[in-house]
Amino acid sequence: MSNVKLSIIYYSQTGHNFQMAQWAKEAAEAAGAEVRLRKVEELLDTAGAKDNPGWAKYLEDSKDVEVATSDDLIWADAVLFSAPTRFGDMAAQMKFFLDGQGGPWSEGKLANKYVSAMSSAQNNNGGQEQTIHAIYTVMMHWGAIIVPVGYTDDSVFAAGGNPYGTTGTATREGFANDIEGAVRHQAKRLVEAAK
Ligand SMILES: Cc1cc2nc3c(=O)[nH]c(=O)nc-3n(C[C@H](O)[C@H](O)[C@H](O)COP(=O)(O)O)c2cc1C
């Protein structure tokens, strides 16, 4: 059997979801997947990064990451999304990418993908679960097979116990909660499900 093809599609402004996506990529490759790591298109004027060191660092760190296209969805057996929480919902950049998929969706090219989602927010209860649900709602419209993380590993409890998907509490230094293990577990679990 050929390897599971996994696209990890994320948005990040200050690097947290990029870090999560990178941990997920490592874990998915260790589980035998062929992985495409892709960022969605930035809609903000990046000139603003000169006043935001975290943003400037992220732009530099991610400059070689390719921008996600419809083909990254069509190609994949499984897709892992990661998006910051913005006012209790997914960042608009991710929604813009999803809303751009009407063509392949109408041709049935997005059905039956194994999917899962992650998020981050500044606060412990800042709407992360809503963000993941919002992504999963779109996935139901696509006829995806949603793979929530559940309470399937101790790492989920260590990360704060979100069964819908791993969620990080973003700080300037990194994360206030211990999420690396849960991210890796979620990615591996998605690959195993797609297998
Ligand atoms: C416009 C805006 C809205 C935000 N809304 C929320 C929110 O509703 N709840 C929260 O806890 N954090 C909120 N945040 C903080 C972001 O979730 C946080 O910066 C993000 O998770 C960091 O991810 P990144 O480093 O990958 O960009 C908001 C940030 C911005 C810029």
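Observations on the model:
- Residue 57 vs. criteria closer than 30 Å to residue 171 by Cβ, at pLDDT 95 or above, within 16 Å of the ligand (Cβ to nearest atom) and of a type in the set (Lys, Arg): yes
- Residue 8 vs. criteria touching a Leu at 6+ places or on another chain (Cβ under 7 Å) and either free of Cβ contacts under 8 Å to residues at least 24 places away in the same chain or of a type outside the set (Phe, Trp, Tyr) (or both): yes
- Cβ-Cβ under 8 Å pairs, at least 6 apart or on other chains, segment 126-147 side at positive phi, far side within 16 Å of the ligand (Cβ to nearest atom): 127/85; 127/87; 127/88; 127/89; 127/121
- In segment 1-16 there is no residue matching the filter, namely being under 21 Å from residue 55 (Cβ atoms), surrounded by fewer than 22 Cβ atoms within 10 Å (Cβ to Cβ), within 16 Å of the ligand (Cβ to nearest atom) and within 12 Å of the chain's Cα centre (by Cα).
- Residue check for residue 25: within 13 Å of the ligand (Cβ to nearest atom) and not hydroxyl-bearing (Ser, Thr, Tyr): no
- Of all residues making up segment 28-45, the number that are more than 13 Å from the ligand (Cβ to nearest atom) and within 20 Å of residue 98 (Cα to Cα): 5
- Of the residues making up segment 136-179, those that are within 16 Å of the ligand (Cβ to nearest atom) and assigned to a strand (DSSP E or B) are 167, 168, 169, 170, 175.
- When 48, 108 are checked against the criterion of being of a type outside the set (D, E, K, R), more than 28 Å from residue 182 (Cβ to Cβ) and within 16 Å of the ligand (Cβ to nearest atom), 48 stands alone in meeting it.
- Evaluating residue 66 against the criteria (1) crowded, with 19+ Cβ neighbours inside 10 Å; (2) more than 12 Å from the ligand (Cβ to nearest atom) leaves one unmet condition, (1).
- Check on residue 27, touching a residue at least 12 places away in the same chain (Cβ under 8 Å), touching a His at 6+ places or on another chain (Cβ under 9 Å) and under 27 Å from residue 124 (Cβ atoms): yes
- Members of segment 111-127 found to be crowded, with 21+ Cβ neighbours inside 10 Å, within 15 Å of the ligand (Cβ to nearest atom) and among the small types (Gly, Ala, Ser), listed by number: 117, 119, 120, 121
- Residue among 174, 150, 160, 181 that alone is small (Gly, Ala, Ser), more than 22 Å from residue 18 (Cβ to Cβ) and over 13 Å from the mean Cα position of the chain (by Cα): 150
- Flag if residue 81 is more than 12 Å from the ligand (Cβ to nearest atom) and under 18 Å from residue 179 (Cβ atoms): yes
The values are calculated or read from the model by the stated rules, or taken from the named source; none is laboratory data. Keep in mind the model is a prediction, meaning the values are calculated, not measured. Don't worry about glycine lacking a Cβ; one is built from the backbone with ideal geometry, like all the others, and counts go over all protein chains shown.
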